[in-house]
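Chemist: I'd like to ask some things about the structure below.
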Amino acid sequence: MLAAGLLLANELMSQDKKTLQTAKTYFTWVDQGKTHHLNKLLAEDFSGNISFDVNPLDKAGWKAMMESLKAAFPDMKHEFQAEISEKDKVALKGLLKGTNNGNYMGQLPTNKAIALPFSAVLLFNQKGKLSTISMSFDPRVFDMQMVGEGENRTGRAKQTITGFFAAIDAGETDRFSEFCAPNFKVTSPLLSGESDLAVFQSNSSILRLGFPDMKHEITRMEYTGTHVMTTGVFRGTNSGPYSENLATNRKVEFPFLVLDELDAKYKISNRWIMFDGQSFNTQLYEGYSQVLENLLREMFAASDAGDVDKVVSYWDEYGKSNYNGAEHSMDELKTRLKNFKKSFPDIQRTIDAVTVCGNRAHVRGTVSGTQSGPYMGKPATNRRATIGFMAEYLFNGKGKIEAGWTEVDFGALNDQLFGKKR
């Protein structure tokens, strides 16, 4: 009888040690982030309870919560101070230690260390798997240890956004990486689809070149967990070339809303920029068509006057003039204009219509003149001719023509000069 009693006692002690070891293995795997191993320990009908959640969690939900806890406290460690084990039950008491270096419950990290007292009761089924875990701690202690840094967290988040806007306005694109995560993505009416940091840096440089005095005036900033919402007003004067268009010298002013998502290092991982793009274009380009038309009228007047140097001043030095399918350099353009002026000393170009689309201008008009000088190797006919022409001009950001295409009805010109008189 005594021997049988000892054997039973030893078996029970062995079972107690096994359940205790399983319980400690569970916490070791949780601390190490090996939640994928928990399937070996948790029963299929597992149920988990924790102080801050009134509803029990199933197996998948419990594993997900442990994963989020590990992400929030990468160095987390359960240290045990007392333990009681039975055949199908283990009770543990100890401290949960860790540093909040990751997002937790929709909040950015405080980077503060905690040492949270906890107790846990683990129940096992007949197969030796964990069927229930109940963990309890004082949420007030947790809040005092971690959430007490809320004001500092809000300040850091807002400091990131404020600093980023200041760098944008100053044109300091090389500093963007101070505020943006390597996987930064941005969506804006000024961009075609979602873009990365390099594209945003380029776009910001283009914007500041066009608006050297640009300023984002922040009127309100709200921190909400991992996001910062900013509203304000953008102001600037288009005194420089913008998006290949010459300066309009117009002032623009429009409200904006920006939503930034921050990562655990308080850097911007996603930015959504919202404003009325139509209002921006209207303010910027209203009257722009007239600017280009005025330039072309001035250039045509210089052509009529035979001032070829002034004509060329409206072109980029490397510009190309395509005339009835033949490409001419600037020197060749000057020669052609001089020859026409000799053939038609009273030449006059008349613009009937100008249509501007972006940095392109389409012109339709007529050319009139009396051939009182030699033309195409033929002597003066002293006949007057009027022919139609169409032209297209491409302007660069400096307001210079970088390419032009002109089509003239030379058939009509020859008929009027050398045909039979009517």
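The values are calculated or read from the model by the stated rules, or taken from the named source; none is laboratory data. On a predicted model such as this, the values are computed, not experimentally measured, just so you know. Glycine gets a Cβ as well: all are built from the backbone with ideal geometry, and neighbour counts include every protein chain shown. With ligands, DNA and RNA removed, areas are computed over all heavy atoms of the protein, side chains included. Shrake-Rupley method; radii C 1.70, N 1.55, O 1.52, S 1.80 Å.
Chemist: Output the residues belonging to region 377-391 that are open to solvent by 80 Å² or more (accessible area, probe 1.4 Å) and either closer than 13 Å to ASP352 by Cα or touching a residue at least 40 places away in the same chain (Cβ under 8 Å) (or both). Give the steps one after another, and end with the answer.
Modeler: At the first step, the residues of region 377-391 found to be open to solvent by 80 Å² or more (accessible area, probe 1.4 Å) are 377-379, 382, 384, 390.
Hits for region 377-391 are LYS378, MET390.
Chemist: Take ALA167 and decide whether it is assigned to a helix (DSSP H, G or I), free of Cβ contacts under 8 Å to residues at least 24 places away in the same chain, on the phi < 0 side of the Ramachandran plot and surrounded by fewer than 15 Cβ atoms within 10 Å (Cβ to Cβ). Let's see the steps before the verdict.
Modeler: Values: assigned to a helix (DSSP H, G or I): yes; free of Cβ contacts under 8 Å to residues at least 24 places away in the same chain: yes; on the phi < 0 side of the Ramachandran plot: yes; surrounded by fewer than 15 Cβ atoms within 10 Å (Cβ to Cβ): no.
Here the answer is no, as ALA167 does not meet what is asked.
Chemist: Right, here's the next one. With respect to LEU122, determine if the residue is assigned to a strand (DSSP E or B), open to solvent by less than 60 Å² (accessible area, probe 1.4 Å) and either touching a Ser or Thr at 6+ places or on another chain (Cβ under 9 Å) or among the hydrophobic types (A, V, I, L, M, F, W, C) (or both).
Modeler: So LEU122 fits the description; yes.
Chemist: For region 237-252, what are the residues that are part of a strand (DSSP E or B) and either polar (S, T, N, Q) or at pLDDT 95 or above (or both)? Working first, answer last.
Modeler: The first filter runs over region 237-252 and keeps only residues part of a strand (DSSP E or B), leaving 237, 242, 245, 251-252.
Across region 237-252, the qualifying residues are THR237, ASN245.
Chemist: Can GLU79 be described as farther than 29 Å from THR224 by Cβ and modelled with pLDDT under 90?
Modeler: So GLU79 fails the test.
Chemist: Every residue in region 312-333 that is of a type in the set (A, V, I, L, M) and either within 16 Å of PHE300 (Cβ to Cβ) or surrounded by 15 or more Cβ atoms within 10 Å (Cβ to Cβ) (or both), please.
Modeler: Just the residues of region 312-333 that are of a type in the set (A, V, I, L, M), to begin with: 312, 326, 330, 333.
VAL312, MET330, LEU333 - these are the residues of region 312-333 that are of a type in the set (A, V, I, L, M) and either within 16 Å of PHE300 (Cβ to Cβ) or surrounded by 15 or more Cβ atoms within 10 Å (Cβ to Cβ) (or both).
Chemist: Looking at region 244-283 only, could you name the residues that are touching a helix residue (DSSP H, G or I) at 6+ places or on another chain (Cβ under 6 Å) and among the aromatic types (Phe, Trp, Tyr)?
Modeler: Hits for region 244-283 are PHE254, TYR266.
Chemist: Taking region 70-97 as the region of interest, how many residues are open to solvent by less than 50 Å² (accessible area, probe 1.4 Å), touching a helix residue (DSSP H, G or I) at 6+ places or on another chain (Cβ under 8 Å) and within 30 Å of GLY155 (Cβ to Cβ)?
Modeler: Residues that pass the stated criteria total 2.
Chemist: In addition: If I filter region 271-305 down to residues being in a strand (DSSP E or B) and either open to solvent by 40 Å² or more (accessible area, probe 1.4 Å) or modelled with pLDDT under 95 (or both), which single residue comes out as nearest to GLY210 (Cα to Cα)? Write out each step before concluding.
Modeler: From region 271-305, those in a strand (DSSP E or B) are 271-274; that's our starting set.
With either open to solvent by 40 Å² or more (accessible area, probe 1.4 Å) or modelled with pLDDT under 95 (or both) added as a condition, the list becomes 272, 274.
Working: TRP272: 22, MET274: 20 Å.
Among those residues, the one meeting the criterion is MET274.
Chemist: Further, regarding this structure: Would you say PRO109 is within 15 Å of LEU262 (Cβ to Cβ) and in contact with a Gly (Cβ under 8 Å, 6 or more places away or on another chain)?
Modeler: Values: within 15 Å of LEU262 (Cβ to Cβ): yes; in contact with a Gly (Cβ under 8 Å, 6 or more places away or on another chain): yes.
Yes: the conditions hold for PRO109.
Chemist: When region 372-422 is examined, which residues are found to be touching a strand residue (DSSP E or B) at 6+ places or on another chain (Cβ under 6 Å), assigned to a strand (DSSP E or B) and of a type in the set (A, V, I, L, M)?
Modeler: Once the filter is applied, which keeps residues that are touching a strand residue (DSSP E or B) at 6+ places or on another chain (Cβ under 6 Å), assigned to a strand (DSSP E or B) and of a type in the set (A, V, I, L, M), region 372-422 yields ILE387, MET390, ALA391, LEU394, ILE401, ALA403, VAL408.
Chemist: Of the residues that sit in region 175-199 and are without any contact (Cβ under 8 Å) to a residue 12 or more places away in the chain and charged (D, E, K, R), which one is nearest to ILE161 (Cα to Cα)?
Modeler: Filtering first and then ranking leaves ARG175.
Chemist: Can I ask one more? For THR132, are the conditions met, namely being polar (S, T, N, Q) and surrounded by fewer than 17 Cβ atoms within 10 Å (Cβ to Cβ)?
Modeler: Values: polar (S, T, N, Q): yes; surrounded by fewer than 17 Cβ atoms within 10 Å (Cβ to Cβ): no.
Answer is no for this residue.
Chemist: Taking region 26-53 on its own, how many of its residues are more than 17 Å from LEU96 (Cβ to Cβ) and assigned to a helix (DSSP H, G or I)?
Modeler: 5
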